[in-house]
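Q: I'd like to ask some things about the structure below.
Nothing in this text is a laboratory measurement; each read-out follows from the coordinates by a stated rule. As the structure is a prediction and not an experimental result, all values here were calculated from the model. When we count neighbours, we look across all protein chains shown, and the Cβ atoms used for this are built from the backbone with ideal geometry, even at glycine.
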Amino acid sequence: MTMTGKTATSKLILLFFATIALVGMCLNHAYFVTNAYAQNTWYVGKGVQPNTFYTYQIQDHDTNQGQPFLMTIYFKQFNSTGNYWVAPAIVVSQGKVYNGTLHLSDLDLTPLGSSKVPLEMRDYVSGYKNSVAWLSSFVPKPGQSLTAPYWGKIAAIGGSPVAPSGSATVNVPAGTFSTTVVSWHYGVDNSIYVNPDMPYPIKAQTFAATTGGSPPVQFAFELQATGHGQPPIPKSQVIAPKSPMTITTARGTYTITLAWQPETIVPNKPTQFGILFQDSSGNTASGVTYSFKVTDAGGTVIKDVHDQQAANGEGQQMVTFTKPGPVSAVVTVDSVSGTPTGEFVESSTFGLLVQG
């Protein structure tokens with residue numbers, strides 16, 4: 001072989017190895033980019049494993065009159081045929097315990113119609129969908145980047161889009177977590193805290209869309225506990241509520257606060273109830289006409305009065321109970337400043353306990 005031929009061959013060999021090296025570098029770069037992107041994305045349900053559970057305290061404006069409740073979801077197993085998680089769930093609300101089995105979509109952990117839950121638990125399942133699983137409408141599988149400038153927009157006029165906005169370390173009963181803050185602004189700041197290794201957000205604080213005043217909480221939640229194995233079902237118990245209690249009417253137009261003295265309600269001793277009426281902005285409502293009805297667990301009416309006046313937004317009622325047990329006090333706003341509430345019932349129901 002001539003010198004010229006050897007030189008050409010050497011160049012071909014060098015070109016061959018250079019091409020291999022370049023291809024390898026491109027493949028490594030593509031793998032790095034793909035892997036980094038996968039690690040930086042999140043969706044509701046990411047990383048969930050069988051035989052694990054998550055317990056949340058949830059407050060949802062449209063559930064249980066906005067009163068907080070506990071919900072535990074146990075991911076028992078995955079149904080590959082139906083492509084959903086079989087997830088027994090436990091709800092604890094004011095001492096009462098409800099349990100059923102949710103079928104949660106692998107796409108976004110929303111409950112499917114095949115879920116098997118008792119009628120009295122369905123409202124709480126809706127509360128779960130409207131709170132802990134709320135982000136599923138923005139980040140279903142395969143998810144979005146935790147550094148993306150835009151996740152979506154809430155169907156409301158005005159306000160900023162839903163998007164990651166920074167990082168924060170949050171402390172909840174389940175522990176301390178590094179999170180990405182997903183936020184939006186509509187009158188006030190709303191925040192949901194996401195840890196990339198957890199299937200649900202860790203914590204949230206959001207508010208109803210209003211044009212002024214202090215907006216009520218739309219939904220809020222915190223992770224209370226997480227672990228492996230099926231959690232036990234607690235026993236129902238009757239819990240005496242603490243004074244005062246504040247409950248928003250169903251439409252969110254008014255907030256009613258009920259306080260009582262003495263705080264421990266007992267039979268054959270008068271209980272003084274104080275009632276405060278406020279509008280959705282937190283201002284005291286004046287010129288209120290209201291009704292006040294108290295019944296026991298068997299439906300027996302203990303007190304039922306109408307056309308009660310709260311000129312300065314504050315009312316007073318006295319009730320003497322004759323026996324122990326759960327009772328229900330319903331406060332209804334009939335009119336404000338002479339204007340009737342109309343066809344909509346603006347009321348709040350307070351569950352109380354007369355102790356023996």
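Q: What pairs from K76/K235; K96/K129; K46/K235; K129/K153 go past 25 Å between their alpha carbons?
A: Beyond 25 Å between Cα atoms: K46/K235.
Q: When only Cα pairs under 8 Å and 6 or more residues apart are kept, what is the percent relative contact order across the chain?
A: Computed over the chain, the figure is 13 percent.
Q: Just how far, in whole angstrom, is the stretch 105-141 from the stretch 255-294 if you go by their alpha carbon centroids?
A: After rounding, the separation between the Cα centres reads 35 Å.
Q: Lysines within cross-link reach of K303: Cα-Cα under 19 Å, excluding same-chain residues under 8 positions apart?
A: Straight-line reach from K303, under 19 Å: K269, K293, K323.
Q: So, one more: At a threshold of 8 angstrom on Cα-Cα distance, excluding pairs fewer than six apart, so keeping six or more, what relative contact order does the stretch 113-232 reach in percent?
A: Result for the stretch 113-232 is 16 percent.
Q: Oh, and also: Give the peptides 345-351, 300-306, 159-165 in descending order of average Cβ contacts within 10 Å, highest first.
A: Taking the mean over residues of other Cβ atoms within 10 Å, the ranking is 345-351, 159-165, 300-306.
Q: Please sort 319-325, 277-283, 217-223 by packing, taking for each peptide the average over its residues of neighbouring beta carbons within 10 angstrom, highest first.
A: 217-223, 277-283, 319-325
Q: What are the radius of gyration and Dmax of the chain, computed over its Cα atoms and given in Å?
A: So, for the chain, Rg and Dmax equal 28.3, 120 Å respectively.
Q: Working from the pairwise distances between different alpha carbons, so that the mean of 1/r is found and then inverted, what is the stretch 245-354's Kirkwood radius in Å?
A: 14.1 Å is the Kirkwood radius here.
Q: What's the angle, to the nearest 10 degrees (0 to 90), between helix 3-40's Cα axis and the longest principal axis of the chain?
A: 0 degrees
Q: Under 8 Å for C-alpha pairs, at least 6 residues apart: give me the relative contact order for the stretch 285-356, rounded to a whole percent.
A: 36 percent
Q: Let me ask something additional. Using only DSSP helix segments of four residues or longer, with each worth -39500 (n - 2.57), what per-residue ellipticity at 222 nm results for the chain after dividing by its residue count and rounding to 500?
A: Helix-only estimate at 222 nm: -4500 deg cm²/dmol.
Q: Here is a follow-up. Where does each of D307, D296 land when they are ranked from fewest to most other beta-carbon atoms within 10 angstrom?
A: Fewest-to-most Cβ neighbours within 10 Å comes out as D307, D296.
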